Structure formats: structure tokens, C-alpha cells
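**Student:** Structure provided below as C-alpha cells; questions to follow.
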């Protein structure tokens, strides 16, 4: 990104710099056969991973498996072609399973498609309003707790197919009622289905350990399908439940909508947009960390919005950046967005050529795939580190996790964010320090003096009529009360007051108001007030709030203020 510097500040990027897709950037750099070969290999590798995963996520979300493929094909292509990340792979994500399933349950598939389109519009608006930067301010404990909560919900949703249970009625959506219903149906376990699920899990985990380069999920699903067909195992398959998958993309169409329908799905659309923004930008950040590149947050959100609209138009579900598939893309040697576009093309080729084979895939095998995904989603080392690091981080992590599991995903994110923000404000407020015993001229001491930082007694200073307060740290509303209490001592037997702001990197309007009150109090008490070391930003904020001469005097350093005090004291009266 070419930006000229003005002083110490960078010029604001232009619209074109913010929203030019990375595909355009990569093509401008030069793109030849060698790079295309790298992207071909990476795209095929990711497609092999995405094939079983897309169908499994769709089924777990309460829709047919073909909708997961539509999502990966249309949404994934648009995310790569228009996005602000070189390596982002878009498609259906496990984090959306709970939200999508709940939306389908309340509003049907048409309601889901409408909510997905509305979420796409919201994402585009967030991107064009350049709010993408702020989405990344979600605290780390919130994302870890949220992801762990989603993993628990995903695993619980797969117990029915993992064990081949037969329920007398509809499976409850909430976790505790779900577990109760599944427990009551424990006597209906299908041994063949449980065996297929176990075989799938063992195959995926085993290949990951012994042959990490092999596509473990695809091998597990293919092996389970072959065994089911050969031995005519009594297990549910994609064919028996859904009748297979079509061998072509449907024609694009808009879902039925009106004011009433849009109002009904508005909460779901907002939840889709919020979660999609967080998940996509988190995935882009992971890719940046693996490659050293930098993504364009707002461009990425606009692309995610277009992708969600396009996916819904073809009957697909929510699209977002997927961390596991994006990481696979990077490790496979991708050069740029062309690999993601090719991954979608390979998935389309599977639909066109091998769709009938999908009918033999047992649902227990796909449940085994999602069980492994759920296990991998739980960041065990991160949880342990957060629990050890501080009680505050552990509290945010725990509250977010419990709310996601037992209440609501959006509620978990919002409450976790607010709790994390309050704890951060408390920490920042406690970190500010006001030094009241700093001498203007430090006394000489011997080299052998054991007291490296001797305490200063105000009456021993160079000028007993002058006191120096030095503020260290960000001075904002959280610390205003504590600092204001200290500044209330202005005028106690002193004629000169120096407030040193050299170590204040930031000052907000509340803090400026506290200093203004202190300045007026000093003036009423006949005390001359000097502010030293204020940065241009801090000085501008103070001046805006009326802290300007002759109420106070600004000096670059404490020594400058001392010189003026001495000069005025020596001047004839």
C-alpha cells in the first residue's frame, strides 16, 4: 500500500487502496504458469478437505448436503475473487451450525436464505463504512470461550448420528433437553452406525499422525461408504435420508420476502453478520500470521457480504472465512486467491461428475468428521494459558463459554466483550501513576549510595514554593477520579505547580475536564500552573477544553518551567 508520510502520521488510504481485491494485486505483480501450478495443487488439496466437511456442516445445520456444496462453490469463489486476503477460503463453517439450525427451525429454509442475504447486505455496509478494524477488537478470551462453546454444541448435535439413535420425536435444540432426550433413547443404539463413526474418527486421527499429507477426512468418508455398500450395513446414508445430491447447480432465485418476513428474520441476519465478520477476520489474521502478509479488513467484509448474497441466491447457507481450510491452503503452497477460486471449481466438478456416489455416504461417517472438527476447535493450550494468566481472563473465558453453551451465541459474544472491556478499563485505570515527590533538580549522591531511587522530600527541593506532579500512563475516564483526588491538593502552601505529562500517551475529554477543574482551582488559590511535556495530541485536547493561557502555561520540559519560575522570582517587583 503506497502512502506518503506527513510528519509522524501516515496519509489516509484511498478508497481504491482499501477495497481493491487481493486478486487484482496478485495479478498486477505478475502471474505465470509456475504460480498457477502452485495454486492448482493448493486448490485441489483444499477441495478434498472441503468436500466431506461442507456436506457434514450442512446436514448438522438442518439442511440437505447439497446446500453445503452450493455454499462452498458459489460463496467460496466470490470470497477468493473479491476478498482482501490472499489465502482466505470461504464456505460453510462449523461455528454457524447452531445459528443456521435454529433459523431453519423457526423460519424454514426460505427464512434462512432471506436472513443470509440480509446478513450479506449488513456485511457489505460494515465494510464500506470501514468498521472492519473495530471488529478485530474482540478480546482473545472471548474468541477462545466462544469457539469452545460452539465445539461442545456441535459435538452434542452429532451424538444422534454418531450412535445411530432412534428418537420418538423431534430432537430438542437446547443442550440440556437434548442430552436428556438422547439419554432416554440410549437403548436404541445402532451398533453398525457407532462402528462406522468410530472407524471414521480412528482413520482421521491415525492418518493425521502417520500420514499427515493424506486427506484423512475424505479417506475416512470414502472407506465408510465402501464398507456400507459392500456389506449392506443397516445405517442411514445421504441417499436414504436426502435422496442423494443433484449433479448440477440450481438456477439463481430470490427467496420470498416482504416487510413482515424481513422483520421476522432480522435478529438472525444480525447474528449471521456479526459472527461472519468475526470468523472471517479471525481467519484472515491467522493466514497473515502464517505468511507474513497483511489483509484488507474492510475489503474482506465486503467480499463476504457479496458471497453471502450469492450463496443464498443459489440455495446455499451462510458463508464465512474458514480457519482450518485457509490454513490448509497456506500449507499446501498457495500463492494467491486463484487457489480458492480453483477449490470451488474442483468442488463443482465433483458435483457434475460424481454426485451419484454421494448417496452411499453414511451419516455416521460425516458425524465422525464433525466430532473430530469439534475436538480440534477447542484450543486446549490457549484455555490453559488463559486460566493461568489471570482471574479476569479466566472469568471472561468461563462466562463466554457458559453463555454460548446454555444461552445464546450472540449473547455470549456481547456479554464476554463487555466484561472483557470493563476488566481492561479497570486494569488501565490501576496502571496510571501520579508521582508527587519528583524534584526539579535531583540532589547529588555518592556512587556507593545504595538508594538508587531516593525518596524526595518536597521541602528539600530547589524551590520549596514549587511542587511537581508527574502523570504516567493513559489518562482517561477510568482513572479520572483517582487522579482528580490527587490534583485537589493544588494550592496547599505552594505558589507554583508543575504538571508533567511527558509520560501520558493518551488523554480523553474526561481527563481534560479534570485538568481544567484543577487549573481553575489553582488560579483561584493564586497558584501558577505549568503543563510540561504534553504531546501535540494531548495539548490539542486540553486546549479544546479551555486549558489554555493565561489559565496555564505550556512548557516543553520541567527545566523550562523551572527557568521561567526562577526568572519571574528574580525580576524586580
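**Student:** Report the residue count in the range 399-427 for those that are without any contact (Cβ under 8 Å) to a residue 12 or more places away in the chain, within 18 Å of residue 101 (Cα to Cα) and part of a helix (DSSP H, G or I).
**Tutor:** Result for the range 399-427: 1.
**Student:** Here's a check for you: in the range 201-227, which residue that is over 15 Å from residue 365 (Cβ atoms) and not in a helix (DSSP H, G or I) is farthest from the chain's Cα centre (by Cα)?
**Tutor:** Among residues in the range 201-227 that are over 15 Å from residue 365 (Cβ atoms) and not in a helix (DSSP H, G or I), the one farthest from the chain's Cα centre (by Cα) is 211.
**Student:** Only one residue in 266, 275 is part of a helix (DSSP H, G or I), modelled with pLDDT of 95 or more and either over 16 Å from the mean Cα position of the chain (by Cα) or on the phi < 0 side of the Ramachandran plot (or both). Which one?
**Tutor:** When all the criteria are applied, what remains is 266.
**Student:** Among the candidates 230, 182, 176, which residue alone is part of a helix (DSSP H, G or I) and touching a residue at least 60 places away in the same chain (Cβ under 8 Å)?
**Tutor:** 176
**Student:** With the checklist (1) assigned to a helix (DSSP H, G or I); (2) within 25 Å of residue 65 (Cα to Cα) in hand, flag the one item residue 247 doesn't pass.
**Tutor:** (1)
**Student:** Kindly indicate the residue of the range 378-393 that is in a helix (DSSP H, G or I) and free of Cβ contacts under 8 Å to residues at least 12 places away in the same chain and also nearest to residue 154 (Cα to Cα) among those meeting that condition.
**Tutor:** Top of the filtered list is 380.
**Student:** Here are some conditions: (1) touching a strand residue (DSSP E or B) at 6+ places or on another chain (Cβ under 9 Å); (2) over 25 Å from residue 229 (Cα atoms). Residue 193 meets all but one. Which one does it not meet?
**Tutor:** The failed condition is (2).
**Student:** Let me spell it out: the conditions are (1) closer than 18 Å to residue 49 by Cβ; (2) modelled with pLDDT of 95 or more, and residue 81 meets all of them except one. Which number is the exception?
**Tutor:** Just one mismatch for residue 81, condition (1).
**Student:** Now for a separate question. Which one of these does residue 561 not meet: (1) in contact with a helix residue (DSSP H, G or I) (Cβ under 9 Å, 6 or more places away or on another chain); (2) modelled with pLDDT of 85 or more; (3) under 12 Å from residue 466 (Cβ atoms)?
**Tutor:** That leaves (1) as the condition not met.
**Student:** Do we have residue 466 as over 30 Å from residue 425 (Cβ atoms), surrounded by fewer than 14 Cβ atoms within 10 Å (Cβ to Cβ) and touching a strand residue (DSSP E or B) at 6+ places or on another chain (Cβ under 7 Å) here?
**Tutor:** It is false that residue 466 is over 30 Å from residue 425 (Cβ atoms), surrounded by fewer than 14 Cβ atoms within 10 Å (Cβ to Cβ) and touching a strand residue (DSSP E or B) at 6+ places or on another chain (Cβ under 7 Å).
**Student:** Further, regarding this structure: Residue 359 - would you say it is in contact with a helix residue (DSSP H, G or I) (Cβ under 8 Å, 6 or more places away or on another chain), more than 30 Å from residue 156 (Cα to Cα) and surrounded by fewer than 23 Cβ atoms within 10 Å (Cβ to Cβ)?
**Tutor:** So residue 359 does not fit the description; no.
**Student:** Any idea which of (1) out of contact with any helix residue (DSSP H, G or I) (no Cβ under 8 Å at 6 or more places or on another chain); (2) crowded, with 20+ Cβ neighbours inside 10 Å; (3) over 20 Å from residue 435 (Cβ atoms) is the one residue 547 doesn't satisfy?
**Tutor:** Of the numbered conditions (1) out of contact with any helix residue (DSSP H, G or I) (no Cβ under 8 Å at 6 or more places or on another chain); (2) crowded, with 20+ Cβ neighbours inside 10 Å; (3) over 20 Å from residue 435 (Cβ atoms), the odd one out for residue 547 is (1).
**Student:** Same structure, new question: Which one of these does residue 377 not meet: (1) modelled with pLDDT of 90 or more; (2) touching a helix residue (DSSP H, G or I) at 6+ places or on another chain (Cβ under 7 Å)?
**Tutor:** (1)
The values are calculated or read from the model by the stated rules, or taken from the named source; none is laboratory data. Note that the structure is predicted; figures quoted are calculated from it, not measured. Neighbour counts run over all protein chains shown; Cβ positions are idealised from the backbone, glycine included.
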